[in-house]
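Everything below concerns the one structure shown next.
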4 protein chains.
Amino acid sequence: MTVRVGIIGVGLMGSDHARIFADAVSGVEVVSLYDADVARAKAMAEEIGARSVADTPLALIADKGVDAVVIASPDETHADLTLAAIAATKPVLCEKPLASSARECLDVIAAEVKLGKRLAHVGFMRRYDPSYVAMKAKWKSGELGEALMFHCVHRNVSAPHFFTSDMAITNSAPHEFDIVRFMLDSDVADITVFQPAAAAKGALVKPVFMVMRSVSGALIDVEIHNNAGYGYDVKGELVCERGTISLRSPVHSEVNGALANSIPVPADHRPRFAEAYRLQNQAWVRAIQADTHLAQGSSAWDGYAAMLSAEAGLRSMAEGRTVKIAMDAKPRLYA
Amino acid sequence: MTVRVGIIGVGLMGSDHARIFADAVSGVEVVSLYDADVARAKAMAEEIGARSVADTPLALIADKGVDAVVIASPDETHADLTLAAIAATKPVLCEKPLASSARECLDVIAAEVKLGKRLAHVGFMRRYDPSYVAMKAKWKSGELGEALMFHCVHRNVSAPHFFTSDMAITNSAPHEFDIVRFMLDSDVADITVFQPAAAAKGALVKPVFMVMRSVSGALIDVEIHNNAGYGYDVKGELVCERGTISLRSPVHSEVNGALANSIPVPADHRPRFAEAYRLQNQAWVRAIQADTHLAQGSSAWDGYAAMLSAEAGLRSMAEGRTVKIAMDAKPRLYA
Amino acid sequence: MTVRVGIIGVGLMGSDHARIFADAVSGVEVVSLYDADVARAKAMAEEIGARSVADTPLALIADKGVDAVVIASPDETHADLTLAAIAATKPVLCEKPLASSARECLDVIAAEVKLGKRLAHVGFMRRYDPSYVAMKAKWKSGELGEALMFHCVHRNVSAPHFFTSDMAITNSAPHEFDIVRFMLDSDVADITVFQPAAAAKGALVKPVFMVMRSVSGALIDVEIHNNAGYGYDVKGELVCERGTISLRSPVHSEVNGALANSIPVPADHRPRFAEAYRLQNQAWVRAIQADTHLAQGSSAWDGYAAMLSAEAGLRSMAEGRTVKIAMDAKPRLYA
Amino acid sequence: MTVRVGIIGVGLMGSDHARIFADAVSGVEVVSLYDADVARAKAMAEEIGARSVADTPLALIADKGVDAVVIASPDETHADLTLAAIAATKPVLCEKPLASSARECLDVIAAEVKLGKRLAHVGFMRRYDPSYVAMKAKWKSGELGEALMFHCVHRNVSAPHFFTSDMAITNSAPHEFDIVRFMLDSDVADITVFQPAAAAKGALVKPVFMVMRSVSGALIDVEIHNNAGYGYDVKGELVCERGTISLRSPVHSEVNGALANSIPVPADHRPRFAEAYRLQNQAWVRAIQADTHLAQGSSAWDGYAAMLSAEAGLRSMAEGRTVKIAMDAKPRLYA
């Protein structure tokens, strides 16, 4: 069965999804697109051979020829569109964030619980990245013992002009919040946010440095540096009882030239996580074909958890103190 | 248009191809399989959902429901089956070698020239490997100047019991012979083969060390070590006028443990070249949809060139001297 | 002029110093040794050809044939012996810590200020380690802009049975406290100490994770992990405005074997910092010959600063809060 | 006992030796210098505090205040000065080459045999380089089995204007010829020299690629590339039965900047082999103090062996064929 997918929003992320499905995923066809910018939707439809452009997001969701929906529209629309897809009992892959608040995430969860079925997945694609997968497999092998600490780093070349320290926590950090829970198999208990006194010269956003404790007792630290200057770089080291495991970014060649031996660092997330997106989207298609949810992927519950960490992080930064994180009781559906 | 593929031979390589098409390639459906071992063909058909198992290779090729053919049957059948596919004007992806001799390769070339169309591709998938592609792109950027030398290494953990030094040249080295021509944009002019006095203890196959000169004037050396013991490892360094470019194998994580910092080396070619196979097969499907041949992939002519190098290598090893390589005039079809 | 050195204490550190002077430093002769264990002192004197063994530390300091003194006796003796050497106007290289408290460090400082001469150096040898030196030089080159964050890691294989979390801060961390000030050219303003809930299994000492702010506004984090299991490992990454600089440990060879590519990690600090000790001790000899103090080395003031950080760290760990660090006014002597 | 050293020739190499002894070696004093350029000798004497400048090389050798001699004068003087030092029964450290021909090396050997004592060492300092030492130790541990192949690379940024391909073999390659014998514990049986068709643009010296067979049966290949453009780089990989060992150059820091992660490559041999020179010279001083020869260092016999390889290499390059190497019978003195 070929899964017929509709994509809502074909900006940066939606276009990438469209091309990934069209160029590198088996068993899927992108059949319909929607974008507030109709010309953009039409151009993308032509590029990938999608047969229709929908008039509204809800029309796309309602389309009988559409089996499943990708939501890549502006953040504030995510919750409502996800709820609409659930109402139509269609699987949905929603770009992060799932909603604008933890409160709103609970609405999505409630809808799924009522339906008795998990239909929503959040696009925390790092769970499919081979480096994180290898890290978790090594830890789970037991060879190195229990996880004690997890050092994480997220760096961009530069932040857009409208970026703020708040957004470092609500926009960049959620990938870290999710992968920390995935890696440690544990929720986050509390968070303390630090910042250096100064941003990089001319930059409006200071780095954010967060120390978290997991419920399982591990200590986590995360650097979010949106103006790192040199490249897009994601690092991680899991410190266990008898050794450590570190992520390696994809590197295809090294060069000796001009008194240096060097490897390239990418300018954005694409080269770093292309494989993660491909594998996530392929797994999503396979899960739809098998009428099941993604065991490894992020559920609505995971979207809620990431949002809670972000909200606690904001409070910690504002108030200069450690903030505890209290989660609702987890519905059996997400066990 | 979904390309309907038939696969002849579902042993090691054929099974890999079947799964790659089924799990990770867009726009393709594996519809028919053939294997001398019928049960094996049936099991694989079930696994990937192929609708039929053919009675004979020729029946598979003749099948009107089959648009294109993958040949992964025993080496001695490759030329005849490729000729049959060409006769049926169906695109064919033939695992290396294209034929049992350079002479026989010329028969395939003659058939294509007569038809006026390139239908055969040889599965020298390294041309799609991101590390070789990055190496060539860097060289072609001109930043480092002309290529002067190319150091190549191919290592397996251990050779099967029936392996010989001859097979190191005819079976393992062809991937090197092809990539050398691809990388340098030049044919090979001559070859000199060396061997150490001894193989690894208990091993029947000594390493083979080949020094070649390209028509363009570069010097190439290739180590083929089928009993390297420690892992599957392919290395390459292109030495240019102002610097060098080296391949990097895919590495996803590194571990600190027991007084060592280490990265894994794979036991076989799969982790090293998974991406190359996926990209080659995807490109092949796209080329069929566009009714063109693969610009980057290996043609029948390339299969002939690799075979010539292997035959010259055998002669050099037997006679202990440098052997010149003389190619036929290149038909315009392969320009 | 050959500098005639006396060494007080020839346990682990003192023996190392004796051998470094005897085997790898120019312009120096170790002439006298003292140890509470006389047999140990005699054996070492014989090994390196020192002409005498002193009856008491004070006798060694008073010896007219001794130009300069190394103090490597138990920690609680450091301050008094350093004061005695200053009273005798002899240069002294004191293993860390300089004293048992910041208060006591001020006594040493007062003695030097009264004398109007800096005679005491603290053995924070990392200031001579080529990797830290390269890091600082790169930062100072200005190419990467101002320093925003500094990530530091210190790991031992395992802690001795008597070790405690307090000692992680007072015994292991001082090298970090000193190098942070050296690297950033700034004092530490405050410190917040975290610990994971659990130590490594069977270990009595949990890792300690410290977040500090420099007076200059940078954010520093330091992991002290005395039971890291896998090896002795010191890491550092200085995050600047336009890039980062990381330390590299000395590595002389790499091995491919058994499905892994690996480099050795040492079992203790010696292979990591052999060069730092050699260069520090050579620089100390040169400074004595030139009748000056070590511009790059740690002064009594630096010993005081490191002690202040440790005392604040202890308080932060005990009270679970950020602790500010207030330094005395810096005497002009240390400008 | 302080060894009093005289240095003949204080150009590039002699100055380095003078400073190494003065700044980083224990138990030695440089007391006398000679150079054809008297001003240069005087300046260096002042810099390092040497008490005299000799009028002639022979006067320096004859000086009763000189215990041992370093020869760093022009190549053509090496043999005669070494013979003079042997005649004066003074230990001598001669920069490579030991003589201008293998024939002349045998004269030095004859003088030592007649004396019944090894006094001459050739400055093949790589035998003391920690990376080569680690490689040999790993091999000798037996863990990886016998050595089958040895890949070697020597690269300079650019050759001086008077350099020739012949000099690549006679001037640059001898370090490789010596280390190959040291590493494999075997002499070289034959050599085949290749060159690419072209040098780097504007360069007068093509790279030289040499394939050698050791008497023990291993296969060796050596790239000598004097116009590599990007830096000074020496590489080596020893391929054994169950794994490989590779050299690592000293690297103290790595930098992330401008879309690249890079480590520095030095512009000349100094940063690469500083430690090898220091350890060689220290070992030489220790051996003189103990009135013995250097077990690990290169003897006159080793100087002869390196010269034989170079002469055979020249013949192979000129005649385009494999050239066998026949050594004289080894005198018992060098057993």
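The values are calculated or read from the model by the stated rules, or taken from the named source; none is laboratory data. Please read these numbers as outputs of a predicted model, since none were measured by experiment. Glycine also receives a Cβ, built like all others from the backbone with ideal geometry; neighbour counts cover every protein chain displayed.
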- Message: Take the residues in segment A:38-68 that are within 30 Å of B:Asp23 (Cβ to Cβ) and basic (Lys, Arg); name whichever of them is surrounded by the fewest Cβ atoms within 10 Å (Cβ to Cβ).
- Response: A:Lys64
- Just give me the residues in segment B:24-63 being of a type in the set (Gly, Ala, Ser), part of a helix (DSSP H, G or I) and within 14 Å of chain A (Cβ to nearest Cβ), in sequence order. B:Ala24
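Just to check your reading of the model, which residue among A:Ser246, A:Ser253 is polar (S, T, N, Q), facing chain B (nearest Cβ under 9 Å) and out of contact with any Asp or Glu (no Cβ under 8 Å at 6 or more places or on another chain)? Outline the logic, then answer.
Working: A:Ser246 fails: out of contact with any Asp or Glu (no Cβ under 8 Å at 6 or more places or on another chain).
When all the criteria are applied, what remains is A:Ser253.
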- Query: Among (1) free of Cβ contacts under 8 Å to residues at least 12 places away in the same chain; (2) among the small types (Gly, Ala, Ser); (3) more than 10 Å from chain C (Cβ to nearest Cβ), which single condition is A:Ala159 missing?
  - Reply: (1)
- List, please: which pairs have Cβ atoms under 7 Å, are six or more places apart or on different chains, and start with a residue in segment C:67-84 that is without any contact (Cβ under 8 Å) to a residue 24 or more places away in the chain and end with one that is part of a loop (DSSP other than H, G, I, E, B)? C:His78/C:Pro97; C:His78/C:Leu98; C:His78/C:Ala99
- Which residue, of B:Val133, B:Val122, B:Val92, B:Val113, is β-branched (Val, Ile, Thr) and within 27 Å of B:Glu241 (Cβ to Cβ)? B:Val133
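Residue-wise test of (1) touching a His at 6+ places or on another chain (Cβ under 9 Å); (2) of a type in the set (S, T, N, Q); (3) surrounded by 24 or more Cβ atoms within 10 Å (Cβ to Cβ).
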{"residue": "D:Ala36", "(1), (2), (3)": "no, no, no"}
{"residue": "D:Val70", "(1), (2), (3)": "yes, no, yes"}
{"residue": "D:Ala85", "(1), (2), (3)": "no, no, yes"}
{"residue": "D:Cys94", "(1), (2), (3)": "yes, no, yes"}
- Query: Restricted to segment C:204-235, and to residues that are at the interface with chain A (Cβ under 8 Å from one of its Cβ atoms) and of a type in the set (Phe, Trp, Tyr), which residue is nearest to C:Pro250 (Cα to Cα)?
  - Reply: C:Tyr230
- Task: Return yes or no: is D:Glu76 in contact with a Phe, Trp or Tyr (Cβ under 9 Å, 6 or more places away or on another chain), in a helix (DSSP H, G or I), acidic (Asp, Glu) and modelled with pLDDT of 95 or more?
- Result: no
- Among C:Ile191, C:Ile179, which is the only one that is under 27 Å from C:Trp284 (Cα atoms) and among the β-branched types (Val, Ile, Thr)? C:Ile179
- Query: Can we say A:Glu275 is within 19 Å of the chain's Cα centre (by Cα), within 9 Å of chain B (Cβ to nearest Cβ) and not basic (Lys, Arg)?
  - Reply: yes
- Subset of segment D:166-194 that is crowded, with 21+ Cβ neighbours inside 10 Å and under 16 Å from D:Glu319 (Cα atoms) - its residue that is farthest from the other protein chains (Cβ to nearest Cβ): D:Ile169
- Message: Looking at segment A:269-283, can you tell me whether even one residue there is hydrophobic (A, V, I, L, M, F, W, C), in contact with a Gly (Cβ under 8 Å, 6 or more places away or on another chain), more than 29 Å from C:Val234 (Cβ to Cβ) and crowded, with 18+ Cβ neighbours inside 10 Å?
- Response: yes
- Restricted to segment C:121-141, and to residues that are farther than 14 Å from C:Ser299 by Cα, assigned to a helix (DSSP H, G or I) and charged (D, E, K, R), which residue is farthest from the other protein chains (Cβ to nearest Cβ)? C:Lys140
- Residue list for segment A:316-335, filter: more than 14 Å from A:Ala120 (Cβ to Cβ) and either surrounded by 16 or more Cβ atoms within 10 Å (Cβ to Cβ) or not charged (D, E, K, R) (or both): A:Ser316, A:Met317, A:Ala318, A:Gly320, A:Thr322, A:Val323, A:Ile325, A:Ala326, A:Met327, A:Ala329, A:Ala335
- If you go through C:Ser158, C:Ser141, the only one that is surrounded by fewer than 17 Cβ atoms within 10 Å (Cβ to Cβ) and either in contact with a strand residue (DSSP E or B) (Cβ under 8 Å, 6 or more places away or on another chain) or farther than 19 Å from C:Asp268 by Cα (or both) is C:Ser141
- Query: Within segment D:284-315, which residues are aliphatic (A, V, I, L, M), over 16 Å from the mean Cα position of the chain (by Cα) and surrounded by fewer than 13 Cβ atoms within 10 Å (Cβ to Cβ)?
  - Reply: D:Ala290
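Let's see how each residue does on (1) outside any loop (DSSP other than H, G, I, E, B); (2) among the polar types (S, T, N, Q); (3) under 20 Å from D:Gly11 (Cβ atoms):
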position: D:Lys90; (1), (2), (3): no, no, no
position: D:Leu98; (1), (2), (3): no, no, yes
position: D:Glu104; (1), (2), (3): yes, no, no
position: D:Asp107; (1), (2), (3): yes, no, no
position: D:Glu112; (1), (2), (3): yes, no, no
- Just name the residue that is farthest from A:Pro207 (Cα to Cα) out of those in segment C:208-233 that are touching a Cys at 6+ places or on another chain (Cβ under 8 Å) and among the β-branched types (Val, Ile, Thr). C:Val222
- Query: Looking only at strands (runs of 3 or more DSSP E) that fall completely inside segment D:213-300, which ones have 1 or more residues that are touching a residue at least 12 places away in the same chain (Cβ under 8 Å) and touching a helix residue (DSSP H, G or I) at 6+ places or on another chain (Cβ under 9 Å)?
  - Reply: D:219-225, D:233-240, D:243-247, D:260-264
